[in-house]
Amino acid sequence: MQSTPNLSANPRIKSFNGLKVIAVLLIIICHLGLLARFNFCHRMVEVLFVLSGFCMAYNHYMDNSPNTIITGFEIIKQKLPRFYPLHVLTFMLQALFVSTWSQKSLEYLCSVGLLNLTLQQAWFSALQFSYNNVSWFLSALIFCYFITPCLRELGHVSQARHRLLTLFLGVICIRFYMEYMRENHSRQIWYDLHANPLIQGLNYTLGYISGIVYISSNKINSLLKEKLSSPETTLLEVLFIGLYLTCCYTLKDDMYRVFFVILSILPIYILALDKGIISHLLSGKILTFLSTITLEIFMFHSFILYHYPHQYGNTIYYLTFGTLVLSTSALYHIIWKKIYLQIKQKDKKSCYSHQ
């Protein structure tokens, strides 16, 4: 399997590891019925898609190697070993051991199951949360990976013509228009604003454009990266994160969701500097370790939550639930990592034997 080269020479953004972990944990906390006022289920999903787009641009936008992955299918092919076996496993667990699905007709199980196994369920509003109800995230993410080469070319053209801001505003307008039509003409037009790949694809695009801006040479970046001190960066981190959380708490559903998507870019942009105290905390060893199993935590928690019903306010329950999720995720990660390494070694030996 060919790996994606990274010739941009950009240093790794360590704080993003912790940010992804925090976002996933807040989603799980929301699923447990806690901190409902913040609506973290919606907000953190938006953050994750914006962050994914930002990271993809940061890591690969300037990569001009001949071996660079250039098609959406090739990107998906490279990403599949990371999450598809996990998706199939959690799908089978839901299909076999959750009564909601095991009691369905064989025709339903096969037809809807095929959509899930091919990661197409997020395109169908009534089936977005079928089987493992969080796997829609992978379905939408596949679409984002697929459009990435187009975003890259569009970014190069817009940047060459000094129209990157115009592109950013244009995407915001499209995102706003889709939400406006959904909210005001729901009888004629209906699509989910949370799981629909087109909606999340636009959020991903806004993150991607922001990533391009971040790695570009301009006065603002020069000021932020070269002249801003650690205390000043910390102040901006606190300011933007505080502003974002305050808006999440006070505004909630009173604003269009695109507002929160745009607002989330500010703390992400500042955290990317890796210079403040909050960035340092997000780069800690515990969060860095958890970042290696974040996807597993996200995918397994739904199944465990179904079989270990929520006991609101019970501290022992929360500790036990967390232990089950973490141990299951870590165990899967270790086992699959060993299997995957063995498969790669066999592939290498097979290639050498045919040369």
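If you scan the range 159-179, which residues turn out to be part of a helix (DSSP H, G or I), free of Cβ contacts under 8 Å to residues at least 40 places away in the same chain and not hydroxyl-bearing (Ser, Thr, Tyr)? Lay out the reasoning, then the answer.
Restricting attention to the range 159-179, the residues satisfying the condition of being part of a helix (DSSP H, G or I) are 159-160, 164-179.
Filter again for free of Cβ contacts under 8 Å to residues at least 40 places away in the same chain, leaving 160, 165-166, 169-171, 173-174, 177-178.
Residues satisfying the conditions are 160, 165, 169, 170, 171, 173, 174, 178.
Residues in the range 317-332 that are among the β-branched types (Val, Ile, Thr) and either surrounded by 13 or more Cβ atoms within 10 Å (Cβ to Cβ) or outside any helix (DSSP H, G or I) (or both): 320, 325, 328.
When the range 302-316 is filtered for residues that are assigned to a loop (DSSP other than H, G, I, E, B) and polar (S, T, N, Q), the ones remaining, listed by number, are 311, 314. In the set (1) in contact with a Leu (Cβ under 9 Å, 6 or more places away or on another chain); (2) hydrophobic (A, V, I, L, M, F, W, C); (3) farther than 14 Å from residue 19 by Cα, the condition left unmet by residue 251 is number (1).
Pull up the range 275-301, narrow it to residues that are in a loop (DSSP other than H, G, I, E, B) and touching a Leu at 6+ places or on another chain (Cβ under 9 Å), then point me to the one that is nearest to residue 322 (Cα to Cα).
Restricting attention to the range 275-301, the residues satisfying the condition of being in a loop (DSSP other than H, G, I, E, B) are 275-276, 283-284, 292-293.
With touching a Leu at 6+ places or on another chain (Cβ under 9 Å) added as a condition, the list becomes 275-276, 293.
Numbers: 275: 31, 276: 29, 293: 13 Å.
Per the stated criteria, the residue is 293.
Of all residues in the range 49-72, those that are within 20 Å of residue 27 (Cα to Cα) and assigned to a helix (DSSP H, G or I) have Cβ atoms under 8 Å from Cβ atoms of residues that are basic (Lys, Arg) and modelled with pLDDT of 80 or more, 6 or more apart or on another chain, in 51/20.
Yes or no, residue by residue, for (1) modelled with pLDDT of 90 or more; (2) surrounded by 18 or more Cβ atoms within 10 Å (Cβ to Cβ); (3) under 27 Å from residue 42 (Cα atoms); (4) in contact with a Pro (Cβ under 7 Å, 6 or more places away or on another chain):
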{"residue": "215", "(1), (2), (3), (4)": "yes, no, no, no"}
{"residue": "232", "(1), (2), (3), (4)": "yes, no, no, no"}
{"residue": "253", "(1), (2), (3), (4)": "no, no, yes, no"}
{"residue": "260", "(1), (2), (3), (4)": "yes, yes, yes, no"}
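Quick check on this structure: which one of 83, 91, 16 is aromatic (Phe, Trp, Tyr), in a helix (DSSP H, G or I) and either more than 15 Å from residue 135 (Cβ to Cβ) or modelled with pLDDT under 90 (or both)? Steps first, answer last, please.
Numbers: 83 fails: either more than 15 Å from residue 135 (Cβ to Cβ) or modelled with pLDDT under 90 (or both); 91 fails: either more than 15 Å from residue 135 (Cβ to Cβ) or modelled with pLDDT under 90 (or both).
Within the list 83, 91, 16, the selection yields 16.
Within the range 123-161, restricting attention to residues that are among the β-branched types (Val, Ile, Thr) and under 25 Å from residue 27 (Cβ atoms), the residue that is surrounded by the most Cβ atoms within 10 Å (Cβ to Cβ) is 148. Of the residues in the range 180-188, at least one is assigned to a helix (DSSP H, G or I), of a type outside the set (Ser, Thr, Tyr) and touching a residue at least 24 places away in the same chain (Cβ under 8 Å). All conditions in (1) at pLDDT below 95; (2) more than 22 Å from the chain's Cα centre (by Cα); (3) polar (S, T, N, Q) hold for residue 132, with the sole exception of (2). Within the range 199-242, being within 30 Å of residue 157 (Cβ to Cβ), without any contact (Cβ under 8 Å) to a residue 24 or more places away in the chain and either part of a helix (DSSP H, G or I) or in contact with a helix residue (DSSP H, G or I) (Cβ under 9 Å, 6 or more places away or on another chain) (or both) holds for 219, 220, 221, 222, 223, 226. Candidates are the residues of the range 19-64 that are at pLDDT below 90 and small (Gly, Ala, Ser); the one that is surrounded by the fewest Cβ atoms within 10 Å (Cβ to Cβ) is 33.
Say we look at the range 310-352 and pick out the residues that are hydroxyl-bearing (Ser, Thr, Tyr) and at pLDDT 90 or above; which of these is farthest from residue 27 (Cα to Cα)? Before you say what the answer is, go through the steps one by one.
First, the residues of the range 310-352 that are hydroxyl-bearing (Ser, Thr, Tyr): 312, 315, 317-318, 320, 323, 327-329, 332, 340, 350, 352.
From what is left, the residues that are at pLDDT 90 or above are 317-318, 320, 323, 327-329, 332.
On the way: 317: 17, 318: 14, 320: 18, 323: 17, 327: 19, 328: 18, 329: 16, 332: 21 Å.
Here the residue is 332.
Just to be sure before I move on: is residue 228 hydrophobic (A, V, I, L, M, F, W, C) and either more than 23 Å from residue 165 (Cβ to Cβ) or in contact with a Phe, Trp or Tyr (Cβ under 6 Å, 6 or more places away or on another chain) (or both) in the structure I sent?
So residue 228 does not fit the description; no.
Taking the criterion of being touching a Leu at 6+ places or on another chain (Cβ under 8 Å) and polar (S, T, N, Q), the residues of the range 13-61 that qualify are 15, 17, 52.
The values are calculated or read from the model by the stated rules, or taken from the named source; none is laboratory data. Model, not experiment: these values are computed from the prediction. All Cβ positions, glycine included, derive from the backbone under ideal geometry; neighbour counts span all protein chains shown.
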